[in-house]
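Encoded as structure tokens, the structure appears first; notes follow it.
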Amino acid sequence: MRSHNSTQNNVDAVPARHSGEGTAKISKSTNHVDEKDAAPVMPLLGSGRKKRWSHGSLFFSLFFFVPLIISRPLPIEVWVIQSLGYLSFIVLYIKAISQPVKALPSYLLSMFLLSVACSFQNPGGATIIGFIAFIVGYYNSIKTGLTSISIMMIVLLTLNITMFENAHFLLGASIINSLVLFGFGVMERKETLHGLKESQQAEALRVLSAIAERERIGRDLHDVAGHALSSISLKAQLADKLISKDKIDDAHREVKALAQLSQALLSDIRQAVSDIKQLSLADEIAKDKALLEENGFKVLTTIDDSALMLLTSKQERQLALIVKELTTNTLRYSKGKAVSLYLELDHNVSPQTLFMAYQDDGIVEDSGSIKEGNGLMGIRERAASINADVSILFHPHPAVSVKLILDNPSPEKVAL
């Protein structure tokens, strides 16, 4: 009975220990959220989906040249100086949106001084200050941002009074442009903070879900193993005593019963493990699609839901890992900007066949020099483990297709 109590106590300790770990993780996650609320770390404007918009908005910086065009003819020297000033501003802007917040002040000051310097020959130089206002609105609180914008506006007003007596319209346009883009920056900041908060909440839910799953597994193993291990221990002790008393036949019976108990326990544990939540192909596709879009890719997915219902757990798990590896390769090596994923069941052939195709639009100029690494070799191995044919092409675009024959399609998920 002492052995039984020891086993019982050890198994009972599992959920408690998991709960402690889970509490620590939740506490850490909560502290992370609090730190974010106090001093949020904003994603860089030059990364992810923000990068495309930040670069695209440079189209409006071409208003810089409007006064020069209106004032034609101008000396070629003026055009050269202003063009160099404009290009320098664009370079500073592109670098600034990819810098951490601590490094921004020097970039923003350089951009402002450059725009003011350009304004001595071209009043349109003041119009590009709006891009500074957008960056200020995005990275700073409203109070700090308004203070910075007010200082810039005072400088512009002073320049208008002392240097540009006939540039009232351009001054007004610059002020309006700066205030509007500052407002866009503030709105982008609020939207980003809202997204960060949702991500933190999703992470907290994920941690709670993981804790609940671990506790469930612990309870299941407790129920399955607790009594069986106690019985095995008692029968082993009984067999030992029978052998010591030379009751060999009785000891053999106990040993056989011991073997049966251990086999039954092993079967029950396997069944409990098979009930653990399997990797979902649909969830993996959704996660990888969001990740690709976050990094600037346009993703087109065509998924036949009926095909997903016919996959076994092993097939679904291996296909999910293949999609994950393909996404990783795209993020690491692709020179393209669009990805397509196609998954459909062919009902016109027997046995039914599932086709999956993944392709990105990056162009591979020298496909002969490409050597398959661990990632692509892993894809082939995973496909082979479910008896699927895989085709990998590199010219003109990287593409991977998987053909999986479903010998006995069934809507039931069978763990293999």
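Structural remarks
- Once the gyration tensor of the Cα atoms in region 54-139 is diagonalised, the equivalent ellipsoid follows with semi-axes of 25, 12, 10 Å, ordered largest first.
- Unit Cα scatterers, Debye sum, region 252-345: log10 I(q)/I(0) for q = 0.12 Å⁻¹: -0.53
- Checking the Cα-Cα distances for 287/337; 95/143; 95/287 against a 23 Å cut-off, the pairs over it are 95/143; 95/287.
- Exceedance of the 24 Å cut-off in Cα-Cα distance is limited, within the set 50/102; 50/335; 51/335; 197/314, to 197/314.
- Summed residue charge, Cβ within 11 Å of residue 292's Cβ, Lys/Arg positive, Asp/Glu negative: +1
- Taken over the C-alpha atoms, region 71-198 has Rg and Dmax values of 15.5, 56 angstrom.
- Surface accessible to a 1.4 Å probe, residue 116 within the full protein complex, Å²: 20 Å²
The values are calculated or read from the model by the stated rules, or taken from the named source; none is laboratory data. Not measured: the values here are computed from a predicted model. So basically every Cβ, Gly included, is an ideal-geometry build from the backbone, and we count neighbours across all protein chains shown. All accessible areas refer to the heavy atoms of the entire protein, side chains included, with ligands and DNA or RNA removed. Shrake-Rupley method; radii C 1.70, N 1.55, O 1.52, S 1.80 Å.
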